Amino acid sequence: MTVAVITGAAGGIGAGLAREAARRGMQVVLADRDADALREVAAGIGAAALAVPTDVTDPASVEALAEAAYAAHGQVDLLFNNAGVLSTGFSWEIPAETWQRSLDVNVTGIINGIRAFVPRLLAADRPARIVNTASVGGFLPSPLMAPYSVTKFAAVALTECLAGELKIVKSQIAVSLLAPGPVKSGIFREPPPGVAEQFHRAMVDLLEANGLTGDEFAPLVFDAIERGEYWIIPQPEAMEPGFSNRNAVIAERRPPQFFLVEED
Ligand SMILES: NC(=O)c1ccc[n+]([C@@H]2O[C@H](COP(=O)([O-])OP(=O)(O)OC[C@H]3O[C@@H](n4cnc5c(N)ncnc54)[C@H](O)[C@@H]3O)[C@@H](O)[C@H]2O)c1
């Protein structure tokens, strides 16, 4: 038996991961703060799915998720810290609470997952894997998406720190960093007012035109997990040439260049 716990499983990428895990014969524990949508996804999967409404920003809620997963199955083999939010706008106009929500969900959410599950996984002393969802945006900063860029860069760093620490203690827990490109989902919600609205709409159009569905995306993730990959970047075309250009810009001490921003 393999048991997968997936946060942000009520829609988009998380729901796709949950369905694919079940298709591959796993038991799935689905977590999301949207309890109604979560139960719908779980019902669609059937007996292999357990829905545990969870707010990843709340350590007690994530602790309760871990307790529920171990109570139901006695083990966890795969943890996807996948819940995430995105907001657009000028960094000085984005309300303080929106900034805080991005930090709370995209960074503290992963920290809460690590703090609740790693001690249990270490105690179990058997092979397991933690997959943290960042984004190609965790390697390529995007103006008008500062809360997203900042938190996804943090997720990349946090995941590498975790991988190194688990090596130090010689644990059997493997780690992966998942960096999706465009995937059709509910991630772009309310457009901001003013100039940033055009940017928001351009991003929504890009997602609609080029995005995979969650169900197309998920098998690529599980295939990479089977290959034991740390860097899971199923759509490398979304990362390059931007990533190489950025590295060159830094190495050569040139000023940054920006996606969708006209040069003078
Ligand atoms: N869709 C893309 O193009 C894309 C690209 C790169 C990275 N990602 C990342 O993939 C992950 C999944 O996003 P998605 O695109 O499926 O978006 P989505 O909005 O469809 O799904 C995110 C889920 O997280 C849940 N969530 C939000 N706050 C939560 C909280 N406090 N506690 C528990 N659940 C919470 C939402 O209810 C939602 O169901 C995110 O981390 C996102 O940043 C998405």
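Suppose we filter Ala238, Ala196, Ala209, Ala218 for residues that are over 20 Å from the mean Cα position of the chain (by Cα) and open to solvent by less than 60 Å² (accessible area, probe 1.4 Å); which single one remains? Step through it out loud before you land on a result.
Numbers: Ala238 fails: over 20 Å from the mean Cα position of the chain (by Cα); Ala209 fails: open to solvent by less than 60 Å² (accessible area, probe 1.4 Å); Ala218 fails: over 20 Å from the mean Cα position of the chain (by Cα).
None of the others qualify; the one that does is Ala196.
Restricting attention to the stretch 166-187, report how many residues are of a type outside the set (Lys, Arg) and either part of a strand (DSSP E or B) or out of contact with any helix residue (DSSP H, G or I) (no Cβ under 9 Å at 6 or more places or on another chain) (or both).
Here the count works out to 8.
Quickly run through the stretch 33-43 and pick out the residues that are within 14 Å of the ligand (Cβ to nearest atom), out of contact with any Asp or Glu (no Cβ under 9 Å at 6 or more places or on another chain) and open to solvent by 20 Å² or more (accessible area, probe 1.4 Å).
Once the filter is applied, which keeps residues that are within 14 Å of the ligand (Cβ to nearest atom), out of contact with any Asp or Glu (no Cβ under 9 Å at 6 or more places or on another chain) and open to solvent by 20 Å² or more (accessible area, probe 1.4 Å), the stretch 33-43 yields Asp34, Ala35, Asp36, Ala37, Arg39, Glu40.
Restricting the search to the stretch 10-23, which residues are open to solvent by less than 10 Å² (accessible area, probe 1.4 Å) and within 7 Å of the ligand (Cβ to nearest atom)?
Gly14
Do we find that Asp55 is surrounded by 15 or more Cβ atoms within 10 Å (Cβ to Cβ), part of a loop (DSSP other than H, G, I, E, B), modelled with pLDDT of 95 or more and within 13 Å of the ligand (Cβ to nearest atom) in this structure? First the steps, then the outcome.
On the way: surrounded by 15 or more Cβ atoms within 10 Å (Cβ to Cβ): yes; part of a loop (DSSP other than H, G, I, E, B): yes; modelled with pLDDT of 95 or more: yes; within 13 Å of the ligand (Cβ to nearest atom): yes.
Yes; evaluated as a whole, the condition is true for this residue.
Considering only the stretch 104-149, how many residues are part of a helix (DSSP H, G or I) and over 14 Å from the mean Cα position of the chain (by Cα)?
Of the residues in the stretch 104-149, 12 are part of a helix (DSSP H, G or I) and over 14 Å from the mean Cα position of the chain (by Cα).
Has the stretch 72-83 got at least one residue that is more than 11 Å from the ligand (Cβ to nearest atom), under 23 Å from Val183 (Cβ atoms) and not in a strand (DSSP E or B)?
no
Check off (1) surrounded by fewer than 19 Cβ atoms within 10 Å (Cβ to Cβ); (2) assigned to a helix (DSSP H, G or I) for Glu190 and give me the number that stays unchecked.
For Glu190, the failing item is (2).
The values are calculated or read from the model by the stated rules, or taken from the named source; none is laboratory data. Note that the coordinates shown come from a computational prediction; the quantities given were computed from them, not determined experimentally. Reconstructed Cβ throughout: ideal geometry from the backbone, glycine too, with neighbour counts over all protein chains shown. Only protein heavy atoms, including side chains, enter the accessible area calculation; ligands, DNA and RNA are left aside. Shrake-Rupley method; radii C 1.70, N 1.55, O 1.52, S 1.80 Å.
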